[in-house]
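The values are calculated or read from the model by the stated rules, or taken from the named source; none is laboratory data. Keep in mind it's a predicted model, so treat the numbers as computed, not measured. Every residue, glycine among them, receives a Cβ derived from its backbone with ideal geometry; neighbour counts consider all protein chains shown. Quick note on the areas: whole protein, heavy atoms, side chains included, nothing else; ligands and nucleic acids left out. Shrake-Rupley method; radii C 1.70, N 1.55, O 1.52, S 1.80 Å.
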Amino acid sequence: MGSRIKLDKEVFVLVTGANSGLGLSICYRLIDEFLGSRPDPYRLTIIFTTRSTRKGSETLSRLKQHLNAAHRQASGIERVTFESETVDLVDLVSVRALSCRLVKKLPKLDAIVLNAGIGGWTGLNWPQAIWRILTDLVHEVSWPSYKVGPVGAVTGKQTSLAEEPRLGMVFSANVFGHYMLTHNVVPLLQVSGQPNGPGRIIWVSSLETALDYFDPEDIQGLRSETAYETSKTLTDILALTAGLPSTAPWVKSFLCTSDFSSSSSVISTMETKKEGNSPGRNTAKPNIYVTHPGVCGTSILPLSLPLYYCMIFSLWLARMLGSPWHVLSSYMGACAPAWLALSYQRIIDNAEAPYVQHGGRNTKWGSSCDRLGRVRPASSEVDGWGYGGVVGRPVVEEDRIRRRKRGMTDLTAEKKERFEELGRRCWREMEELRKEWDRILDEAETNEPTTDKQ
């Protein structure tokens with residue numbers, strides 16, 4: 001009983017892609033908001049991932065520096081700990097290895113923030129970018145139409161097997177690697193419990209999503225010039241339809257631990273975890289959320305220093321002209337993801353209550369600010385889903401007065417029905433793909449020479 005009570009005073013959050021930009025800022029914000037809102041004896045453990053040991057060491061050093069500089073009291077410093085992990089989300093073997101380590105060593109996970117990703121762009125169409133920003137600034141720095149990306153970029157070979165299906169590079173980095181990882185750590189999310197409530201799966205999406213980018217016959221975006229926007233639209237669809245009856249069979253399969261993997265190494269860690277759970281701890285289905293950071297300056301689109309500062313100025317100007325989404329810095333962009341990760345469940349439920357009461361469901365939460373830069377989480381309109389899935393005029397006053405993307409109209413029953421059907425198709429295809437790749441990885445492990453196994 002004593003260990004269970006102690007565990008209920010601890011919060012464990014996993015953040016992917018934390019070596020720079022938004023991921024690192026999410027970690028900073030988790031530290032600040034946790035220590036600012038949770039008294040002693042509550043403790044926070046941030047498990048962060050990077051792609052290499054070197055980047056992990058650099059990130060750990062930055063996090064410790066931030067903790068020591070911003071929270072000088074010894075009691076605060078002692079209440080936050082860090083765990084560094086490495087993973088390459090386009091390498092499913094690496095994803096499985098991380099899953100095994102996490103399930104083996106962690107007692108629970110209260111939230112997993114699926115932040116890591118790549119843009120996949122090769123550059124900008126500069127004549128088009130300059131003209132459109134000069135003539136339509138707010139729209140074009142919110143929903144840019146001048147980025148250039150390759151078509152058909154795929155990952156390297158995943159296993160030593162002779163044949164395996166192709167995986168889209170951006171799809172794997174932004175969606176599928178996270179999807180596989182999350183399924184594998186469901187046992188940790190199921191025992192989250194106190195102090196936050198059920199475990200949380202938090203997809204970090206983008207303001208730039210739109211159904212025009214998305215082809216349900218090509219969910220990996222292999223035939224698309226907008227693979228990034230396709231991948232982020234897919235995350236919206238998956239997260240926002242996760243609670244629907246039409247998607248229930250596949251969501252249940254995704255959140256089920258009985259088919260975790262046939263890998264002997266994974267099964268052994270799973271059984272150890274089940275035996276080690278306190279009989280007093282209940283298991284609950286994790287909640288699935290989607291968020292976005294607004295528009296902020298990060299390294300996802302590489303720019304020279306002069307161009308970077310030109311970008312920041314244009315974002316600031318858009319804010320001055322009334323855009324609610326131009327938060328400028330990644331630390332401010334981390335507001336909504338950190339809020340979803342740390343808030344008590346009743347706070348999130350109360351924020352979503354107006355939408356639920358009017359027939360809606362899940363809401364996409366973004367980091368929003370006013371002209372003075374005061375940032376807070378705000379509901380974000382989604383193409384085909386509106387605000388919180390509510391048909392008709394927005395039911396929350398702030399949603400009605402917030403600046404909208406040009407061309408957006410109030411949600412109709414027909415649009416919502418089409419979005420729900422997209423959700424059903426996408427959940428089914430994602431689960432089929434996950435199971436196919438689990439079988440492939442199992443077969444590859446079985447075929448490994450015995451001498452190569454640890």
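Points worth noting:
- Surface exposure of segment 33-129, expressed per residue as accessible area with a 1.4 Å probe, stands at 45 Å².
- A simple rule links phi to the HN-Hα coupling: the Karplus curve 6.51 cos²θ - 1.76 cosθ + 1.60 with θ = phi - 60°, which for segment 400-415 gives 5, 9, 6, 4, 10, 5, 4, x, 6, 10, 4, 5, 10, 4, 5, 5 Hz, with x for Gly and Pro.
- Normalised by the number of residues in segment 362-454, the average gap of Cα pairs under 8 Å and 6 or more apart makes the relative contact order 19 percent.
- Solvent exposure ordering (accessible area, 1.4 Å, most first) of Arg434, Arg361: Arg361, Arg434
- Taken per residue, the accessible surface of segment 301-355 reaches 43 Å², heavy atoms only and a 1.4 Å probe.
- Taken per residue, the accessible surface of segment 150-194 reaches 32 Å², heavy atoms only and a 1.4 Å probe.
- Couplings 3J(HN,Hα) for segment 115-121, derived from phi with the Karplus relation 6.51 cos²θ - 1.76 cosθ + 1.60 (θ = phi - 60°), are 9, 4, x, 10, x, x, 7 Hz, where x marks Gly and Pro.
- Taking Rg and Dmax of the Cα atoms in Å as calculated from this structure, the corresponding entry among (1) 21.4, 66; (2) 41.2, 124; (3) 27.2, 87 is (1).
- Segment 97-191: trypsin sites (Lys or Arg not before Pro) in DSSP loop, at most 15 other beta carbons within 10 Å: Lys157, Arg166
- Taking the chain and dividing mean pair separation by its residue count, relative contact order in percent (alpha carbons under 8 Å, at least six apart): 17
- Of all accessible heavy-atom area on the chain, the percent that carbon and sulfur account for (1.4 Å): 53
- Backbone geometry of segment 381-392 corresponds, through the Karplus equation with coefficients 6.51, -1.76 and 1.60 at θ = phi - 60°, to 3J(HN,Hα) couplings of 6, 10, 4, x, 10, x, 9, x, x, 8, 6, x Hz, x marking Gly and Pro.
- Under a 5 Å amide H cut-off, with hydrogens placed 1.01 Å from N, Val11 pairs with Arg43, Leu44, Thr45 among residues at least 5 apart or on other chains.
- Taking each DSSP H run with n ≥ 4 as -39500 (n - 2.57) and averaging over every residue of the chain yields -13500 deg cm²/dmol at 222 nm.
- Segment Ser299-Trp131, length gained on full extension (0.36 nm per residue, minus Cα span): 58.2 nm
- For His292, residues with placed amide H under 5 Å, excluding near neighbours: Ser205, Trp365, Gly366, Ser367
- Here the chain is treated with +1 on each Lys and Arg Cβ and -1 on each Asp and Glu Cβ, and its dipole about the Cα centre works out to around 1380 debye.
- Over 19 Å between alpha carbons, listed pairs Lys147/Lys232; Lys232/Lys285; Lys104/Lys157; Lys147/Lys415; Lys64/Lys104; Lys6/Lys285: Lys232/Lys285; Lys104/Lys157; Lys147/Lys415; Lys64/Lys104; Lys6/Lys285
- Gly193 long-range amide H proximity, modeled H, under 5 Å: Gly199
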